[in-house]
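Please treat every number below as a calculation from the coordinates, not as lab data. As the structure is a prediction and not an experimental result, all values here were calculated from the model. For neighbour counting, all protein chains shown are included, and Cβ atoms are generated from backbone atoms with ideal geometry for every residue, glycine included.
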Amino acid sequence: MTMPVTFQDGVLTIHDGSTGNTALGATLEGTVDLDNNSIDLHGTVVPIFAVNTMPGKLPGIGKLFSPEKDGGLLAVTFGVAGKLDDPSLHFNPYSLLLPGLFRRMF
């Protein structure tokens with residue numbers, strides 16, 4: 001697991017966080033604003049992590065398959081937003097059908 005963070009003026013910011021093993025991986029980035037009691041995080045869940053991330057590592061064209069760092073060709077995007085005591089979780093099941101670059105567009 002890697003999760004580079006910064007903390008400034010009551011805001012915890014996660015930059016390109018990722019975790020995974022051969023079976024499952026995930027990415028995470030966004031902010032947790034402690035002063036305003038709010039959260040705004042988003043990321044991807046990547047199934048079959050070891051195989052699914054290979055196309056994204058191809059030199060030159062890898063970003064077409066996997067625009068996010070440690071993302072995969074097939075992945076489900078999610079977000080957590082709202083107040084810390086009652087955040088909402090949303091995910092896009094259609095993102096699993098959209099490879100790489102198209103996930104960011106839709």
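A few comments on the model shown:
- The gain in end-to-end length when the Asp16 to Thr31 segment is fully stretched comes to 4.2 nm, 0.36 nm per residue minus the alpha carbon separation.
- Cβ-based exposure ranking for Thr19, Thr44, Thr2, in which fewest neighbours within 10 Å come first: Thr2, Thr19, Thr44
- Order of Val5, Val80, Val46, Val11 under a 10 Å beta carbon neighbour criterion, fewest first: Val5, Val11, Val80, Val46
- Fewest-first sequence of Ser38, Ser18 by Cβ atoms within 10 Å of each Cβ: Ser38, Ser18
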